[in-house]
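Reading through the structure tokens given below for one structure.
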Amino acid sequence: MTKLIQYTRNTVAILALTASSFGVFAADEYNSSKGLTAAGAPLGLHGSDPVAFLELGNRQTGTAAYTQVHDGVAYYFSSKANAKKFKKNPTSFTPQNGGFCTFGVSVGKKFDGDPKFAAVVDNKLYVFLNEEIFNAFQKDIPGTISKAEKNWQKIQHTAAADL
């Protein structure tokens, strides 16, 4: 009986480690698609290339041919060079607030962050729900970012539906 209990504990521990390596627990921390990419992780940033945002200042659609997975989220890139840059330092390229709408996070919510409405401020990528929300952000950029940073610490690990 003791061997069975130990075996069960070991199996549960292995499953937990395996699940965490595939980002199963990141669903409420990152804004990503509900389905899985060929890389086995949900797609982040709606398939847009985060390196292009930060280095070129514009949105480019990535491709599955250049995929990198970071913290359980797959990101697509428009070139092999961009994928390599991301792989070297992913946290410098991932969108702020888990890719959720920065304005939404500033008011304690997790709304979809659409890369069609994005801003790069101090070498950080921020995405927004829609054009109206993006325009509201532009009226108080530092204030919105500051509120979002504070709220993100509180809501990061909370399911969007619970906010």
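The values are calculated or read from the model by the stated rules, or taken from the named source; none is laboratory data. All values reported here derive from a predicted model rather than from experimental measurement. Glycine also receives a Cβ, built like all others from the backbone with ideal geometry; neighbour counts cover every protein chain displayed. The protein model used for the area step is the full one, side chains on, heavy atoms only, and it has no ligands, DNA or RNA in it. Shrake-Rupley method; radii C 1.70, N 1.55, O 1.52, S 1.80 Å.
For segment 80-163, the helices (runs of 4 or more DSSP H) that sit wholly inside it and include 2 or more residues that are over 15 Å from the mean Cα position of the chain (by Cα), over 21 Å from H46 (Cα atoms) and among the polar types (S, T, N, Q) are 141-155. The set of residues from segment 68-82 being open to solvent by 40 Å² or more (accessible area, probe 1.4 Å), in contact with a helix residue (DSSP H, G or I) (Cβ under 9 Å, 6 or more places away or on another chain) and over 25 Å from E29 (Cβ atoms) comprises S78, A81. Checked against (1) more than 27 Å from N130 (Cβ to Cβ); (2) modelled with pLDDT of 95 or more; (3) surrounded by fewer than 19 Cβ atoms within 10 Å (Cβ to Cβ), T61 passes all but a single condition, namely (1).
Yes or no: G57 in contact with a Gly (Cβ under 9 Å, 6 or more places away or on another chain) and not aliphatic (A, V, I, L, M)? For G57, the condition - in contact with a Gly (Cβ under 9 Å, 6 or more places away or on another chain) and not aliphatic (A, V, I, L, M) - is not met.
Here's the yes/no breakdown for (1) modelled with pLDDT under 95; (2) farther than 27 Å from H157 by Cβ; (3) open to solvent by 10 Å² or more (accessible area, probe 1.4 Å):
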{"residue": "G35", "(1), (2), (3)": "yes, no, yes"}
{"residue": "A39", "(1), (2), (3)": "yes, no, yes"}
{"residue": "S48", "(1), (2), (3)": "no, no, no"}
{"residue": "A52", "(1), (2), (3)": "no, yes, no"}
{"residue": "L56", "(1), (2), (3)": "yes, yes, yes"}
{"residue": "Y66", "(1), (2), (3)": "no, yes, yes"}
{"residue": "K84", "(1), (2), (3)": "no, yes, yes"}
{"residue": "P90", "(1), (2), (3)": "no, no, yes"}
{"residue": "F103", "(1), (2), (3)": "no, no, yes"}
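Among residues of segment 140-163 that are without any contact (Cβ under 8 Å) to a residue 60 or more places away in the chain and open to solvent by 60 Å² or more (accessible area, probe 1.4 Å), those with a beta-carbon under 8 Å from a residue that is in a loop (DSSP other than H, G, I, E, B) and among the aliphatic types (A, V, I, L, M) at least six positions away or on a different chain give the pairs K147/V107. Do we have any residue at all in segment 74-81 that's modelled with pLDDT of 95 or more, within 12 Å of L54 (Cβ to Cβ) and charged (D, E, K, R)? Taking every residue of segment 74-81 in turn, none turns out to be modelled with pLDDT of 95 or more, within 12 Å of L54 (Cβ to Cβ) and charged (D, E, K, R).
Let's see how each residue does on (1) without any contact (Cβ under 8 Å) to a residue 40 or more places away in the chain; (2) among the charged types (D, E, K, R):
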| site | (1), (2) |
| --- | --- |
| P42 | yes, no |
| L45 | no, no |
| V51 | no, no |
| E55 | yes, yes |
| T61 | yes, no |
| K80 | yes, yes |
| G98 | no, no |
| D112 | no, yes |
